Amino acid sequence: MPNEEIHPIVQAFYNNFSRFLLEKGFPDDIKFHTSTFDIVDMINRVDKRKAYYYCFHKEMKINECKVAALYAYWILKLRPFTIIDDRYRNKPEICNINEAFAIYVLGAALLLTERIKNTGKASLSYYSLLEYSFRFRNFSIDSFIVLIESITTETIEREYPNLGYYNQL
């Protein structure tokens, strides 16, 4: 992938992460680090996966939902975002910032592609379950894509069992 195509995507990740932090309630002057190397690596890996689908699956192009799932997968693996602000040192909400951002990326893609509807009834327990799973469970790239493609409006509105200690962090 040429550099002139990579740079805008890197910038989009930086801008979306900044917006995500504001939406999560962090102050607008929060200090964070974005590993450009990891984001470029992530972009190249997603591009290679697109080429794989095209070459080995009868010229199939992957949809936006799968692209978002691939980006989220690599965000979880490479962990390119870090809060470095001293005000948040040793605070639990920054430990899982990459998991939370991966969910943000997935949610945006699922809403934009209308795979889910914003009914205002999204369950906090589903978000917690995803965050927990993204942090502590292992997924192959293919199983991760299948998981994301299975998310529906009903999935995110359903209440799930308490995760015990993790909800108390």
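What follows is calculated from the coordinates using simple rules that are stated; it is not laboratory data. Model, not experiment: these values are computed from the prediction. Counting neighbours? That spans all protein chains shown, and the Cβs are built from the backbone with ideal geometry, glycine included.
Points worth noting:
- Answer label, with volume of the Cα convex hull per residue in Å³ calculated from the coordinates and candidates (1) 113; (2) 98; (3) 126: (3)
- Restricting the trypsin sites (Lys or Arg not before Pro) of the stretch 1-72 to loop positions (DSSP other than H, G, I, E, B) with no more than 10 neighbouring Cβ atoms within 10 Å leaves K58, K61.
- Inter-site label distance for A108 and N90 at 7 Å from Cα along Cβ, in nm: 3.3
- Over the chain, DSSP H runs of length four or greater, each weighted -39,500 (n - 2.57), average out per residue to a 222 nm ellipticity of -19500 deg cm²/dmol.
- Residues whose amide H falls under 5 Å from that of F32, counting only those 5 or more places apart or on a different chain, are I84, with hydrogens built in the peptide plane.
- Listed peptides 72-80, 109-117 by packing density, highest first (mean Cβ within 10 Å): 72-80, 109-117
- Relative contact order computed over the chain (Cα-Cα under 8 Å; 6+ residues apart), in percent: 22
- Potential extension, E4-H57 segment - 0.36 nm per residue separation minus Cα distance: 16.3 nm
- Sites S143 and K48, calculated FRET efficiency, Cβ-Cβ separation with R0 25 Å, nearest 0.05: 0.85
- 13 Å beta-carbon shell around F20, net charge (K/R +1, D/E -1): -2
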